[in-house]
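Student: The following block contains the structure, expressed as structure tokens.
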Amino acid sequence: MSMQSIRDTFFEECEDLLEALAEGLARMESGEADSECLNAVFRAVHSIKGGAGAFALDDLVAFAHRFETVLDEIRSDRMELTDEAMHVLLRSADHLADLVEAAHEERSIDDDITAGFLANLDACLGDAGFEDPAEDADFGFSAITLDFGLSAEFTDPGAPGAGPPSSTPHISDGADPDRTTEFGTGFEETASPGEASADGLSPATPGSVPATTEDEAPAQGWIIHFRPWASLYTNGHDPFPLLCGLEALGASRITPDLSRCPKPDSYSPESPWLGWEVHLPSSVSHAEIDAHFEFVRGLCNLEIAPQNSPRVIEAGPSVLSNPDAAPPPPQMPIHSEGLETSAAAVMAELGAATAGVGVSDSQTADTPQPLAPRKRPSKAEDESDNRGPKPTLRVDLERVDRLINAVGELIINQAMIEQSVTDLSLPAETEIISHTEDYRLLARDLQEAVMAIRAQPVKPLFQRMSRIVREASEATGKPARLVTVGDTTEVDKTVVERLADPLTHMIRNAVDHGLENSAARALAGKDPEGTIRLSAAHRSGSVIITISDDGGGLDRDKVLAKAISRGLVTEGAELSDAEIDNLLFLPGFSTADKVSNLSGRGVGLDVVKNAVTALGGRIAISSTLGQGSEFTISLPPHPRRDGRHGHLCSRPDHGDPHFIRH
Amino acid sequence: MSLRVLAIDDSLTIRTLLRQAMENAGFDCATANDGADGVSMFAEVDPDVVITDINMPRLDGFGVIEAIRSGTHNSRVPILVLSTESGDALKARARAAGATGWLVKPFEDLQLIAVLRRVTGYSGSGKAHP
């Protein structure tokens, strides 16, 4: 899969996410949002951020991050969702959609515009403001960061009551010679070595070279002491690859450190005690070694010291008594040449040793384990990508269209056969007549089913319109709300796509020209906030979409006067109300006295009408003075799609009745 | 046998990117859409390593880690968190739940592969980059 197609996937996914975002925000606005809804809204923005990061769409990442921060405050109840905040969220969602669109088209949006939205989001957070901008800046922008970076805060979860281990992996901390003695303390009868090590005191380097810093390579290389705690194993780590990795870094000697091996009478199979001493050449930097151990920091005793510091290995732990009265502890010959070995050999030992050490799960212990044949991820799992609340399948539209074309040909073929059979004037009981009848019914079913694949709910389209109402309302200063009805009505994908512009235009018109200003509304005894209603329904085989407003209705005298002044109607002509209303659809007609920024862009309702007609539909208007206007668009369920399926429409004698209405 | 990876992320984009990275490296990659799917697929996929997002519907990444760690099957599998988040508190929470490591999105394929090899010890050569 090419990067371009993954990019396409991302933008497709963004559409879904923006839709989910709009839907969730709508629920929040109406006060119906539960916590899952808030989480879904957060995740929508979060996922856009995550995907955008992969394509280095920094503007988008930065904006989504701020947006997400505010949403996170709201979902965790740290911030109240005021009307003002709700407004900012809605506008931010709009801007996020703009940023996605801009990124898709590989253009950028003026930073000043984004800055305005960011300022609004910041304002939402009040005094708390945004966290450290420095953190913000490197948040998710940089290349992969691979660390837990937590050594200071981490305690070994397997070490109850232990304070934060001060055992950082850096030798500077271990330069206190006194601490070497700590190695022998802390063991109690039932204590795990993990607990013992969580006393926080690493075995250190007596008389070590305190001057050694991280970026300074020691003359004789490094000596590393590494002893996992139980938590290292339970967090899914395996010392084997770690040691192998050290070998790859050039480790010359990897020696098991058996000094923590408990006495037989206090041996606990759950307690890891095995450690390793590793010699690394000076060509390896401290940072490289650090990076190698970054995930296990805080899960083990780790000590990285320059080799030229004489290290005294103290006695192993005394298991039974307190350190003061300790009998001579068992000594393990840990530097014996005979034990020096390669990582692979060490691991063979480890396999045996860890069988009883801290790792009760043999799967981890017997590394590398022989892998039993396992099932490959099944096809169903691979397709699980498309599993949502309702199972869906993403299919290339071209494939669907090929199918539709083939079915179209089949329908024609069926009609021709039927005609040929009829022409034969066979006796009515002839078998082929009933077969032909079955064929016709099956072909119709098939066609219906195939066309249904292209059907989509109008919801996303309607949701986009709420943005248009918001913007139009802001631009005109007329408060308005959008009410949608029947947004689960399914229509052909082409309708959804091609109705976007006409609907946008009509919604703007409705706010700009349809609604009165709030003062006039108040005078007329109406709610100062106007209502734009958008509905969709299937009615007697057609898709009916209505756009209505509760404004002042058409002033027919004015319409007629304008039409006359434009030369569209001859003076003195007698027109019915319906005829006058339909003048609006004539090219070049505009009722607005002055061209407004919003809807008067020289695009009239004639363009809307053309778009509807191109889909094989009709548009009508009805209006009542003082009560508002309603536009009704009536569309065939399967619109004509230029060229490609023309034959479906061009054979009214054979085709499906659905295709012959125009 | 190639390394078997289970990638859990609710973003189709990230799943696609992960799958591509894994397949380029010659690894087997199964993907799950959310934490609940990931946990239910875990036994069947029986991965050598799990990569999981944190913010997911139905079951988040912490839940995934806890479910796997407390399970009876392959509970010591390395689990890497792949998230856009990088806060210490979240990392600490993930580690307490039993995460093996934490990677920050966006990821670079080669570094991700290197980390997978490091935590699994998998040294198979896999396929070269096409």
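Student: Given the residues B:62, B:107, which is the only one that is within 26 Å of residue A:61 (Cβ to Cβ), more than 8 Å from every other protein chain (Cβ to nearest Cβ) and aromatic (Phe, Trp, Tyr)?
Tutor: Being within 26 Å of residue A:61 (Cβ to Cβ), more than 8 Å from every other protein chain (Cβ to nearest Cβ) and aromatic (Phe, Trp, Tyr) holds for just one of B:62, B:107, which is B:62.
Student: Can you find a residue that is part of a loop (DSSP other than H, G, I, E, B) and in contact (Cβ under 8 Å) with a residue 40 or more places away in the chain anywhere in the stretch A:75-89? Steps first, please.
Tutor: Just the residues of the stretch A:75-89 that are part of a loop (DSSP other than H, G, I, E, B), to begin with: A:76-82.
Pick out the ones that are also in contact (Cβ under 8 Å) with a residue 40 or more places away in the chain and you get A:79, A:81.
Yes, there is a match, as at least one residue in the stretch A:75-89 is part of a loop (DSSP other than H, G, I, E, B) and in contact (Cβ under 8 Å) with a residue 40 or more places away in the chain.
Student: Just give me the residues in the stretch A:91-105 being under 12 Å from residue A:121 (Cβ atoms) and either in contact (Cβ under 8 Å) with a residue 40 or more places away in the chain or not in a helix (DSSP H, G or I) (or both), in sequence order. If you could, list the steps in order and put the result at the bottom.
Tutor: Restricting attention to the stretch A:91-105, the residues satisfying the condition of being under 12 Å from residue A:121 (Cβ atoms) are A:91-93, A:95-96.
Passing the criteria: A:91, A:93, A:96.
Student: Out of the residues in the stretch A:236-270 that are assigned to a helix (DSSP H, G or I) and more than 14 Å from chain B (Cβ to nearest Cβ), which is surrounded by the most Cβ atoms within 10 Å (Cβ to Cβ)? Break it down into steps so the answer makes sense when it comes.
Tutor: Taking the stretch A:236-270 first, the residues assigned to a helix (DSSP H, G or I) are A:239-249, A:264-266.
Subset that is more than 14 Å from chain B (Cβ to nearest Cβ): A:264-266.
Details: A:264: 8, A:265: 8, A:266: 16.
This residue is A:266.
Student: Restricting to the stretch A:525-578, give me the number of residues that are part of a helix (DSSP H, G or I) and among the hydrophobic types (A, V, I, L, M, F, W, C).
Tutor: 6
Student: Please enumerate the residues belonging to the stretch A:1-46 that are in a loop (DSSP other than H, G, I, E, B) and within 12 Å of chain B (Cβ to nearest Cβ).
Tutor: If the condition is that a residue be in a loop (DSSP other than H, G, I, E, B) and within 12 Å of chain B (Cβ to nearest Cβ), then A:1, A:2 are the ones that fit.
Values in this text are rule-based calculations from the coordinates and carry no lab data. Keep in mind the model is a prediction, meaning the values are calculated, not measured. Note that each Cβ is placed from the backbone with ideal geometry, even for glycine, and that neighbours are counted across all protein chains shown.
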